[in-house]
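Reviewing the structure listed below.
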Amino acid sequence: VPDELLLGLKFIFGPCAVPALDLVDQRSVTRVTSPSGRTLYQVLGSSGKLYTCYSSCHFCTCPAFEFSVLQKSESLLCKHILAVYLSQALGACQELTVSEEQLISILLAEEEEEG
């Protein structure tokens, strides 16, 4: 990525730009699709935890998204969502096709962790 673009990303997205690019470099973003066309993204965070991101509604399951974006309104997004968008733009997403049942299991596992 050229330096001018890096500076622009950092200016627009602040401190999450560089960590998001690191996630893209590490190929940490996986696009998960089901036969029905439902899509979600899973991002392996720097802590080793897997977060689920929904680019269609601009949402991530990480604590930083909940705190900085939803509660404090300090940021537009977290590094995981930015990594999803950058991976899409750069064609750097890993691809995983799952059955509808497997997709439901992924979604229910996220819900159980939150509750």
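Can you tell me which residue is surrounded by the most Cβ atoms within 10 Å (Cβ to Cβ) among those in the stretch 82-115 that are within 21 Å of Pro15 (Cα to Cα) and in contact (Cβ under 8 Å) with a residue 60 or more places away in the chain?
Among those residues, the one meeting the criterion is Ala83.
Can you tell me which residues in the stretch 65-85 are farther than 22 Å from Ser34 by Cα and not charged (D, E, K, R)?
Phe65, Phe67, Ser68, Val69, Leu70, Gln71, Ser73, Ser75, Leu76, Leu77, Cys78, Leu82
Suppose the filter is in contact (Cβ under 8 Å) with a residue 40 or more places away in the chain, on the phi < 0 side of the Ramachandran plot and β-branched (Val, Ile, Thr); does Val18 pass it?
For Val18, the condition - in contact (Cβ under 8 Å) with a residue 40 or more places away in the chain, on the phi < 0 side of the Ramachandran plot and β-branched (Val, Ile, Thr) - is not met.
I'd like to know if the stretch 55-62 contains one or more residues that are in contact with a Cys (Cβ under 7 Å, 6 or more places away or on another chain) and of a type in the set (Ser, Thr, Tyr).
Taking every residue of the stretch 55-62 in turn, none turns out to be in contact with a Cys (Cβ under 7 Å, 6 or more places away or on another chain) and of a type in the set (Ser, Thr, Tyr).
Within the stretch 60-67, does at least one residue satisfy the condition of being surrounded by fewer than 19 Cβ atoms within 10 Å (Cβ to Cβ) and touching a strand residue (DSSP E or B) at 6+ places or on another chain (Cβ under 7 Å)?
For the stretch 60-67, residues surrounded by fewer than 19 Cβ atoms within 10 Å (Cβ to Cβ) and touching a strand residue (DSSP E or B) at 6+ places or on another chain (Cβ under 7 Å): absent.
Residue by residue, here is whether (1) in contact (Cβ under 8 Å) with a residue 40 or more places away in the chain; (2) under 26 Å from Ala109 (Cα atoms); (3) in contact with a helix residue (DSSP H, G or I) (Cβ under 6 Å, 6 or more places away or on another chain) holds:
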site	(1), (2), (3)
Leu6	no, no, no
Phe11	no, no, no
Val24	yes, yes, yes
Val29	yes, yes, yes
Thr33	yes, yes, no
Leu40	yes, yes, no
Ser47	no, yes, no
Val69	no, yes, no
Cys78	yes, yes, yes
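A short reminder: the numbers here are calculations on the coordinates, not readings from a lab. Treat the numbers as computed from the prediction; the structure is a model and nothing was measured. Don't worry about glycine lacking a Cβ; one is built from the backbone with ideal geometry, like all the others, and counts go over all protein chains shown.
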